[in-house]
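J.: Quick one: the structure is below, and I'll ask about it shortly.
What follows draws every value from the coordinates through simple rules; no lab data is involved. Keep in mind that this is a model prediction, so the values were computed, not measured. All Cβ positions, glycine included, derive from the backbone under ideal geometry; neighbour counts span all protein chains shown.
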Amino acid sequence: MTAYQMVDAKVSASGGALSTTAANRSTGIMEIVFIGILLSVLSAAGGSSDDRTLCPRLAAFDAAKWEEIERAFGDAPVWKMDQAWRDKRERRFRAGKVRIGWRDDRLLCFADLSDRDLITKALKRNEPIWSLGDALEVFAGVNGHPSYIEYHTAPNGVVLQLFWPDSSALKRASEPGGLARFTRIENGTLTKVRPVRSGYQVYMEIPASAVWGRKPPKGTLAGQVWDLSFGRYDYTSNEVAHVVSSTSPLTQTALHRRHEWRRVEFVEPIIGR
């Protein structure tokens, strides 16, 4: 969604056009309001102190149909995979992008990943997917709360779900058998994967309760602020090394650097109707 589209959505939601009698008196006020909204959106789109992204509510669609998923996310914010910690991308870097939205109590994500060689040895849930081949990762935590989730999806649809109570848990997970203490089976999460000519696509629905680690304070995401990031492991046949990328402006190849993730605010304007 562009800044102008977001502004249009906000103006429409506020009640549409002014009456003719009120228009003359309110022109100056509306100009100030419009400029204020535009500056706010532009700032949130990039360059503000917290680099906040406004995440819009999506209109209802049938998640069983990929064409409806693509249509619903058509104007949603787009984050691109990159290697911000490097002066120059690796030669084997492949492009990827993730669109985000929400509905009811769920974060909605649609990833489109370029990949010429889909590889994974993952066979069952909660295996260490990132070490077994290609993987999309999502990291999400409520801003101001120490806990966060880490979900992996392989190209064959196998998933790994982790819940970290705080950043210090990573050290405990490195101990023998430690990772199993933080795995979860979150059946409320929906994950769909399909191969496409350019690589593969992933659609996810993540309930707020999974991110909060408990029942959230209200039944909608509207007004909540989360820390959010997507990462990627891209393997290639006959290559020992894999390529790591992220949607966040990380300064090191460390996907858990939460203070460098992007901040997301869930807002009400509906798109995708």
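J.: For a quick check: sort 258, 94, 181 by the number of other beta carbons within 10 angstrom, fewest at the front. List each step's numbers first, then the result.
T.: Numbers: 258 16, 94 20, 181 12.
Lowest count first: 181, 258, 94.
J.: Report the calculated FRET efficiency for residue 172 and residue 60 (r = Cβ-Cβ distance, R0 = 45 Å), to the nearest 0.05. All intermediate terms of the calculation are to be shown ahead of the outcome.
T.: Numbers: r = 41 Å, r/R0 = 0.92.
My answer for the efficiency is 0.65.
J.: How large is ³J(HN,Hα), in whole Hz, for each residue of the stretch 140-152 in order, when computed from phi with the Karplus curve 6.51 cos²θ - 1.76 cosθ + 1.60 and θ = phi - 60°, using x for Gly and Pro?
T.: 8, x, 5, 4, x, 10, x, 7, 7, 9, 9, 10, 10
J.: Here's something else I'd like to know. Taking amide hydrogens as modeled 1.01 Å from N in the peptide plane, which residues meet the under 5 Å criterion relative to residue 127, leaving out close sequence neighbours?
T.: Correct list: empty.
J.: Still on this model: Give, in nm to one decimal, the length gained when the segment between residue 184 and residue 209 is fully stretched (0.36 nm per residue of separation minus the Cα-Cα distance). All intermediate terms of the calculation are to be shown ahead of the outcome.
T.: On the way: separation 25, 0.36 × 25 = 9.00 nm, distance 1.26 nm.
The residue 184-residue 209 span can extend by a further 7.7 nm.
J.: Moving on. How much length is gained on full extension from residue 192 to residue 95, taking 0.36 nm per residue of separation minus their Cα-Cα distance?
T.: Values: separation 97, 0.36 × 97 = 34.92 nm, distance 2.00 nm.
Length gained between residue 192 and residue 95: 32.9 nm.
J.: What are the ³J(HN,Hα) couplings of the stretch 63-79, residue after residue, when phi is run through the Karplus curve with 6.51, -1.76, 1.60 and θ = phi - 60°? Round to Hz, x for glycine and proline.
T.: Each residue of the stretch 63-79 in turn: 5, 7, 10, 4, 5, 6, 4, 4, 5, 4, 8, x, 10, 6, x, 10, 10 Hz.
J.: Simple spin-label model, 7 Å along Cα-to-Cβ: residue 218 to residue 85 in nm?
T.: Modelled inter-label distance: 3.7 nm.
J.: Would you please classify the overall shape of the stretch 131-194 from the alpha carbon gyration tensor, given that a ≥ b ≥ c denote the square roots of the eigenvalues, rounded means a/c under 1.5, and beyond that prolate means a/b larger than b/c while oblate covers the rest?
T.: Numbers: a/c = 2.07, a/b = 1.35, b/c = 1.53.
Judged from the Cα gyration tensor, the stretch 131-194 comes out oblate (a/c at least 1.5, b/c at or above a/b).
J.: Which ordering of 215, 192 is given by a fewest-first count of other beta-carbon atoms within 10 Å?
T.: Sorted ascending by nearby Cβ count, the order is 215, 192.
J.: Okay, moving on. Describe numerically, in nm with one decimal, the distance between label points set 7 Å from Cα along Cα→Cβ at residue 114 and at residue 256.
T.: Reported label-point gap for residue 114 and residue 256 is 3.1 nm.
J.: Can you put 152, 145 in order of Cβ neighbours within 10 angstrom, beginning with the fewest? Numbers along the way, then the final one.
T.: Details: 152 23, 145 13.
Fewest to most other Cβ atoms nearby, the residues stand as 145, 152.
J.: By the gyration tensor of its Cα atoms, with a ≥ b ≥ c the square roots of the eigenvalues, what is the shape of the stretch 58-271: rounded for a/c under 1.5, prolate for a/b over b/c, or oblate?
T.: Numbers: a/c = 1.41, a/b = 1.13, b/c = 1.25.
Since a/c stays below 1.5, the shape of the stretch 58-271 is classed as rounded.
J.: 5 Å is the cut-off here: which amide hydrogens, built 1.01 Å from N in the peptide plane, fall below it relative to residue 84, excluding neighbours closer than 5 in sequence?
T.: Placed amide hydrogens put 246, 250 under 5 Å from residue 84.
J.: Among rounded, prolate and oblate, which fits the stretch 153-237 when a ≥ b ≥ c are the square roots of the eigenvalues of its C-alpha gyration tensor, a/c under 1.5 means rounded, and a/b larger than b/c means prolate? Before the final figure, lay out the partial values.
T.: On the way: a/c = 2.03, a/b = 1.16, b/c = 1.75.
It comes out oblate by the Cα gyration axes.
J.: Each residue of the stretch 128-138 in turn: what ³J(HN,Hα) in whole Hz from Karplus with 6.51, -1.76, 1.60 and θ = phi - 60°, glycine and Pro shown as x?
T.: x, 4, 4, 9, 10, x, 4, 7, 9, 10, 10
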